[in-house]
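Undergrad: Take this structure first; my questions come after.
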Amino acid sequence: MNLTLKIWRQPDPVSEGALATYQVEDISEDMSFLEMLDVLNERLNSEGEEPIAFDSDCREGICGMCGLMINGDAHGPLRTTTCQLHMRTFKDGETITIEPWRSTAFPVLKDLCVDRRAFDRIIQQGGYVSVNTGAAPDAHAMPVPKAQADRAFDTATCIGCGACVASCPNGSASLFLGAKITHLGELPQGQAERDTRVVKMVAQHDHEGFGGCTNIGECAAACPKEIPLDVISQLNKDLRTAVRHGY
Amino acid sequence: MRHAGTLTFVASQTELAKPLVEQVRSTRSTIALKIGMAASGLIFVLFVLLHMYGNLKAFGGEHAFNTYAHHLRTFGEPMLPYGGLLWIVRAVLIVSLVVHVATAATLWKRARRARRVRYAVKKNTGATWASLLMRWGGVTLLLFIIWHLLNFTIGKINVTGGPTDNPYRLLVDTFDTWWLTLIYLVAMAMLGAHLHHGVWSACQTLGLTSNARARRRAKAFGLVLALVITIGFSLVPIFTVFGVISY
Ligand code: HEM
Ligand code: SF4
Ligand code: FES
């Protein structure tokens, strides 16, 4: 395949960036999107040009490190991570625009890399349970009803990639927040800190400069882990309960 | 690893880390703003339904309509003074309007700040057109409400030069004027769009849609309510402009 790529280049957080155009040739349909960028970077390296900075780690769809805005879709046209997107999804001769996540809370570090530590700080505010876990307990020591266990598990699959923020017209991180709140709130261990967790995590979310949710649903449509909009309702419900409890 | 080195350097060169917020209150969050918006919106919905019921009295003719208008003022007498109930309703509506518009403006401003750099290419895959129209649609509704109050309540403007102290004749004269009917119908379509998204969004904000089934139901309910209100309000102007409602 031959493709025209328009890629956001920005040398550092403070400089202005712009889209630069590159031609790539002989791309295999079986390459992942990131491998296609690797091929381009090999060439740029050999030509003595600065390679394009982009994030990736596991390249198997589980770490959440990769994440690019591809032709206006977070992680590209398929509902998967950028590393799991393959070039067969595109047509020969196509022009592909590649941009970093755009969010004030995720400043661009360089080219396509953004700083997502805002998510870490939200987690620091309560995305955990303060229990002494000790040695592995017996599986039946604390029974969890199947439906709740399933929901906790499904929402725990959030990999913190930030596609929800990137695709949201309000730049809100409500889907991410909702996934964490639901995951911990469904489990018995998560109950003790339930009220403080939601209040502190939402406060940090707002403080970081993420927008408020208006239930548009772009996030759930972009989420590679298919986290549903339900979790935002759960988040709102937990916050409303915390208001009632006076937190 | 030249590029990894550059990244670490860049990250350490910029003061991106924001501190963890300490003073947190549930009532100071974006979600609390949204709850205010949802509650005021639902008060509007109740009012609008009653208002629609009153308007449909126009099909009963001049006497039925004007008697209804009069009864609105004598309702609750002698426990309430003349027009007492009307003023209570007005006070509630004015407070709701202030809350609704103030929270909308605050969240709009936040959302704009949350994404300062726009995407060169951005697709919407999960959004309905109604959800993307909420803010500008809301501005249209605000302008309409101002005009509407000038027309029928505060100013009592009769563009045909007819009587202004007879509610029924003011209504007929107004909707006999084709462009006033047009403005009114456009506003009702806007209201329909606002409610199509707003009703389900309010359910979500209040935490009532924490599973897929409840979400589907809330969306269906929103659509039905939007259609009932839009069509219900449009009947009187349409039947007036075609001469069925007349004097
Ligand atoms: C005065 C003019 C109005 C303005 C400026 C306005 C603006 C807005 C905005 C910006 C939103 C938030 C959009 C979102 O969350 O997606 C909203 C939500 C809403 N509006 Fe309005 N609106 C107005 C009038 C009305 C009226 C007349 C009604 C009802 C008859 C109404 C009912 C609602 C409802 C139910 C919501 C949903 C609240 C939520 O999302 O939780 N609004 N409005
Ligand atoms: S909710 Fe989905 S889109 Fe958002 S961070 Fe988690 S995995 Fe990524
Ligand atoms: S690199 Fe780990 S999810 Fe894509």
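Undergrad: If you go through the range A:56-75 one residue at a time, how many are of a type outside the set (S, T, N, Q), more than 13 Å from ligand 2 (Cβ to nearest atom) and open to solvent by 20 Å² or more (accessible area, probe 1.4 Å)?
TA: 4
Undergrad: Consider A:Arg43 carefully, then state whether it is surrounded by fewer than 21 Cβ atoms within 10 Å (Cβ to Cβ), basic (Lys, Arg) and either without any contact (Cβ under 8 Å) to a residue 24 or more places away in the chain or within 16 Å of ligand 3 (Cβ to nearest atom) (or both). Don't jump to the end; show me each part of the working.
TA: On the way: surrounded by fewer than 21 Cβ atoms within 10 Å (Cβ to Cβ): yes; basic (Lys, Arg): yes; either without any contact (Cβ under 8 Å) to a residue 24 or more places away in the chain or within 16 Å of ligand 3 (Cβ to nearest atom) (or both): yes.
The answer is yes for A:Arg43.
Undergrad: Which of (1) open to solvent by less than 50 Å² (accessible area, probe 1.4 Å); (2) polar (S, T, N, Q); (3) more than 9 Å from chain B (Cβ to nearest Cβ); (4) away from ligand 3 (no atom under 16 Å from the Cβ) is the odd one out, the single condition A:Thr95 does not satisfy?
TA: Failed condition: (1).
Undergrad: Next question, about the same structure. For the structure I just gave you, tell me whether B:Ala127 is of a type outside the set (S, T, N, Q), within 16 Å of ligand 2 (Cβ to nearest atom) and facing chain A (nearest Cβ under 10 Å).
TA: Working: of a type outside the set (S, T, N, Q): yes; within 16 Å of ligand 2 (Cβ to nearest atom): yes; facing chain A (nearest Cβ under 10 Å): yes.
Considered against the rule, which asks whether it is of a type outside the set (S, T, N, Q), within 16 Å of ligand 2 (Cβ to nearest atom) and facing chain A (nearest Cβ under 10 Å), B:Ala127 comes out as yes.
Undergrad: Looking at the range B:34-53, can you tell me whether even one residue there is at the interface with chain A (Cβ under 8 Å from one of its Cβ atoms), assigned to a helix (DSSP H, G or I) and modelled with pLDDT of 90 or more?
TA: The answer is yes; a qualifying residue exists.
Undergrad: Is it true that B:Val95 is touching a residue at least 60 places away in the same chain (Cβ under 8 Å) and either farther than 30 Å from A:Val14 by Cβ or in contact with a helix residue (DSSP H, G or I) (Cβ under 8 Å, 6 or more places away or on another chain) (or both)?
TA: Numbers: touching a residue at least 60 places away in the same chain (Cβ under 8 Å): no; either farther than 30 Å from A:Val14 by Cβ or in contact with a helix residue (DSSP H, G or I) (Cβ under 8 Å, 6 or more places away or on another chain) (or both): yes.
Criteria not met by B:Val95.
Undergrad: Shifting gears a bit: Could you please give the count of residues in the range B:106-148 that are open to solvent by 60 Å² or more (accessible area, probe 1.4 Å), over 22 Å from B:Thr30 (Cβ atoms) and within 10 Å of ligand 1 (Cβ to nearest atom)?
TA: Qualifying residue count for the region: 3.
Undergrad: Now for a different question. I need the full set of residues from the range A:98-117 which are more than 7 Å from chain B (Cβ to nearest Cβ), outside any loop (DSSP other than H, G, I, E, B) and touching a Leu at 6+ places or on another chain (Cβ under 9 Å), in order please.
TA: Answer for the range A:98-117, where residues must be more than 7 Å from chain B (Cβ to nearest Cβ), outside any loop (DSSP other than H, G, I, E, B) and touching a Leu at 6+ places or on another chain (Cβ under 9 Å): just A:Ile98.
The values are calculated or read from the model by the stated rules, or taken from the named source; none is laboratory data. All values derive from a computational prediction rather than experimental measurement. A quick note on method: Cβ atoms are made from the backbone with ideal geometry, for glycine too, and the neighbour counts reach across all protein chains shown. The protein model used for the area step is the full one, side chains on, heavy atoms only, and it has no ligands, DNA or RNA in it. Shrake-Rupley method; radii C 1.70, N 1.55, O 1.52, S 1.80 Å.
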